[in-house]
Every structure is written in C-alpha cells, then in structure tokens.
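Please read the structure below before turning to the comments.
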Amino acid sequence: MKEKTAGILGGMGPEATIDLMRRILAATEAQDDADHVHCIVDNNPKIPSRIKALIEKTGESPAPCLADMARGLEAWGADFLCIPCNTAHHYYPDVQKAVRIPVLNMIELTAQAAARLVPGGLVGIAASPAVRLTALYDKPCAAHGLRVLYADAANEENLLRVIRQVKAGNTGAEVSAAFGLSLRHLAEQGADVLVVACTELGILDVPDGLRVLDAAQVLAQGVVDMAKGRMPRGC
C-alpha cells in the first residue's frame, strides 16, 4: 500500500509546528529514512492572530489564510491535512470545505483519547481563553460522555501569559513552573485527566504525578496512523 502524504498547516506558532514534526518522527516505527512519514509543511507565522480575532476581537479572521494554505498543500500533493493549533480548530470547517482531502480533527481525536483514559470522567482543559470562549472541547467531550473543566479566571490568565512567553521564545524553568501551577489547579478541582489543549504549552515540561493528555501527541499519532493506512485513534 502506498503511504499517504501529510500536509501540515503550521506556523501557529512556528516552534509548535516543529514540535509536532519531532513527535511524528518519534511516533513512527522506522528502521531507515524511507519508513518515516512524508510531510509537506507550510510553516506560516504570518497567519492572522487567533488571539486578536477570538479574544481581543480586534484582528481579522484567519479563516481565508488557512483555507488558502490548505488548497496549496493539496496542490503540492498532500493526501490529508492537519492543523497543529487547538484554537485554529475554530476554523476547521473553513479548512475542510476548501479541499477535497480529509483534515484530521485534533479536538475530536483528543476527546476520543480522553474517553478511553477516563470513561465518563472530568477533563481539565489547559488552554488559551479562546478555547473556552469557542467551546471547542465541550461538544466533542460531551459526545463521548465526558465533562469539561476550565481554569478559573486567574489561572486562565496565567496560561495566556505562559503561551505568550513561549511565542516569544521563553521556554525556561520559570515558564514551565508557571504552567505547572495552573495544571495543579485543575487537578485540585477534581479533573481526572488534564488535556494540554495548546500546542505552545505542549513544548513545556509537565510536573510529575499528574495525569496528562497532550493534544499535540494525539495529533502526531493520528498523522502516523493516517499515513500508514490505519484509522487514527490518537494515543
């Protein structure tokens, strides 16, 4: 069977895209170069800001740019697409409508993975406020019998500050520690599993002793499964 080629709508942010590629590499059983997944990557940091569009309400919609990127990746030979940004999945319908090839849905794959880990459980969402405002995880989790918990206002603001730090290239111990505080807050509120629902946050270290499901890792496994002709199931 001919393996499928993955198209990656990247740049949100650029380091998160590189992180996804590392995860795809690590998730692939390979003995030689040819065993790895063929990826076509548009790592475009010029995509209009999701934060400005969805949180600050001052920016233009990223949808047209994302749709153009999707069409370009399809024209370049991608057999399926993925979007390594949780918040950008608010525009998932625009991307899927723009192309004839499948687009993996990281949110749905992560909800499926969480349901396998903690059936009927409470899922703590560590993300930018845009994920809560757009209710990205609410319906997919509910469809799999899961309840969703978001950080309180102070910890949500802390997470946004951490995301901005990562975008500025700061991924040191102090930033990871701040991230860990908000993860522990969600765990203390009773979350059965903590979903890292921002690909920037997935770059940071996670405190020991917490049950964590990283959406970026779920997507990476989905990309490998899709490329190899298996039904994507996440982690």
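The values are calculated or read from the model by the stated rules, or taken from the named source; none is laboratory data. Here the structure is a predicted model, which means the values were calculated and not measured. Quick reminder, even Gly has a Cβ in these numbers, built from the backbone with ideal geometry, and neighbours come from all protein chains shown. Just the protein is used for accessible areas: all its heavy atoms, side chains included, with ligands, DNA and RNA removed. Shrake-Rupley method; radii C 1.70, N 1.55, O 1.52, S 1.80 Å.
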- Item | Selected residue (only one of 183, 219 is aliphatic (A, V, I, L, M), closer than 24 Å to residue 28 by Cβ and either touching a Gly at 6+ places or on another chain (Cβ under 6 Å) or open to solvent by less than 10 Å² (accessible area, probe 1.4 Å) (or both)) | 219
- Query: With (1) outside any helix (DSSP H, G or I); (2) surrounded by 21 or more Cβ atoms within 10 Å (Cβ to Cβ) as the list, and residue 145 as the residue in question, which single condition is left unmet?
  - Reply: (2)
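Hey, among 197, 177, which residue is crowded, with 20+ Cβ neighbours inside 10 Å and modelled with pLDDT of 95 or more? Show your work before the answer.
Values: 177 fails: crowded, with 20+ Cβ neighbours inside 10 Å.
That would be 197, the only listed residue that is crowded, with 20+ Cβ neighbours inside 10 Å and modelled with pLDDT of 95 or more.
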- Name the one entry in 57, 2 that is within 17 Å of residue 102 (Cα to Cα), at pLDDT below 95 and surrounded by fewer than 20 Cβ atoms within 10 Å (Cβ to Cβ). 2
- Message: With the structure loaded, tell me whether residue 88 is aliphatic (A, V, I, L, M), open to solvent by less than 60 Å² (accessible area, probe 1.4 Å), in contact with a Ser or Thr (Cβ under 9 Å, 6 or more places away or on another chain) and closer than 24 Å to residue 24 by Cα or whether it fails that test.
- Response: no
- Task: Could you please tell me which pairs satisfy a Cβ distance under 8 Å, a separation of 6+ or placement on different chains, a first residue in the stretch 108-119 that is part of a loop (DSSP other than H, G, I, E, B), and a second residue that is of a type in the set (Val, Ile, Thr)?
- Result: 118/193
- Hey, does the stretch 204-214 have a residue that's at pLDDT below 95 and out of contact with any helix residue (DSSP H, G or I) (no Cβ under 8 Å at 6 or more places or on another chain)? yes
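With the requirement that a residue be crowded, with 23+ Cβ neighbours inside 10 Å and either over 17 Å from residue 128 (Cβ atoms) or touching a Pro at 6+ places or on another chain (Cβ under 6 Å) (or both), what does the stretch 5-15 give you?
Matches in the stretch 5-15: 6, 7, 8, 9, 10.
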- Item | Pairs with Cβ under 6 Å, 6+ apart, first in the stretch 74-100 and free of Cβ contacts under 8 Å to residues at least 60 places away in the same chain and within 17 Å of residue 199 (Cα to Cα), second of a type outside the set (Asp, Glu) and assigned to a helix (DSSP H, G or I) | 89/107; 91/63; 91/66
- Message: Among the numbered criteria (1) open to solvent by less than 10 Å² (accessible area, probe 1.4 Å); (2) touching a Leu at 6+ places or on another chain (Cβ under 8 Å); (3) at pLDDT below 95, which one does residue 66 miss?
- Response: (3)
- Query: Is it the case that some residue within the stretch 151-162 is at pLDDT 95 or above, surrounded by 14 or more Cβ atoms within 10 Å (Cβ to Cβ), touching a strand residue (DSSP E or B) at 6+ places or on another chain (Cβ under 9 Å) and outside any helix (DSSP H, G or I)?
  - Reply: yes
- Which listed residue is at negative phi, modelled with pLDDT of 95 or more and touching a Leu at 6+ places or on another chain (Cβ under 7 Å), from 42, 32: 42
